[in-house]
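Just below is one structure, and these are the notes that go with it.
What follows is calculated from the coordinates using simple rules that are stated; it is not laboratory data. If you're wondering where the values come from, they're calculated on a predicted model, not measured in any experiment. Neighbour counts are summed over all protein chains in view; Cβ atoms, including those assigned to glycine, are modelled from backbone coordinates with ideal geometry.
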Amino acid sequence: MSGRVQGVGFRYSCARAAIAAGVAGWVRNLPDGAVEAAFEGEEQAVDAMTDWMRSGPRWAHVTSVDTSEEDPAGVSGFDIRR
């Protein structure tokens, strides 16, 4: 996603939301100022996280979210990547 999504606690808020939703995966900042994330879990929980990404934490200003489906990687837990 893009917008004002770095420097506003987006990754940490995303990790908390994902753990609360029971979703595995990861989130990271990209060099161009965007944030990228991967979610794995029950379809309803992944959909909820995708919806969450459209707004993010209160300090963020999300202008776009691009999504794509991939085969599950079989990860457990949720990581904040650099």
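For segment 1-46, give me each residue that is of a type outside the set (A, V, I, L, M), part of a helix (DSSP H, G or I) and exposed (fewer than 15 other Cβ atoms within 10 Å of the Cβ).
Answer for segment 1-46, where residues must be of a type outside the set (A, V, I, L, M), part of a helix (DSSP H, G or I) and exposed (fewer than 15 other Cβ atoms within 10 Å of the Cβ): Y12, R16, E43, Q44.
Test of understanding: among S55, S64, S76, which residue is farther than 15 Å from S2 by Cα, out of contact with any Cys (no Cβ under 7 Å at 6 or more places or on another chain) and hydroxyl-bearing (S, T, Y)?
When all the criteria are applied, what remains is S76.
Select from segment 18-52 the residues that are over 15 Å from M1 (Cα atoms), more than 9 Å from the chain's Cα centre (by Cα) and of a type in the set (G, A, S) and list them in ascending order.
Across segment 18-52, the qualifying residues are A20, A21, G22, A24, G41, A45, A48.
Please determine, by comparing only the residues of segment 55-82 that are basic (K, R) and touching a residue at least 24 places away in the same chain (Cβ under 8 Å), which one is surrounded by the fewest Cβ atoms within 10 Å (Cβ to Cβ).
R82
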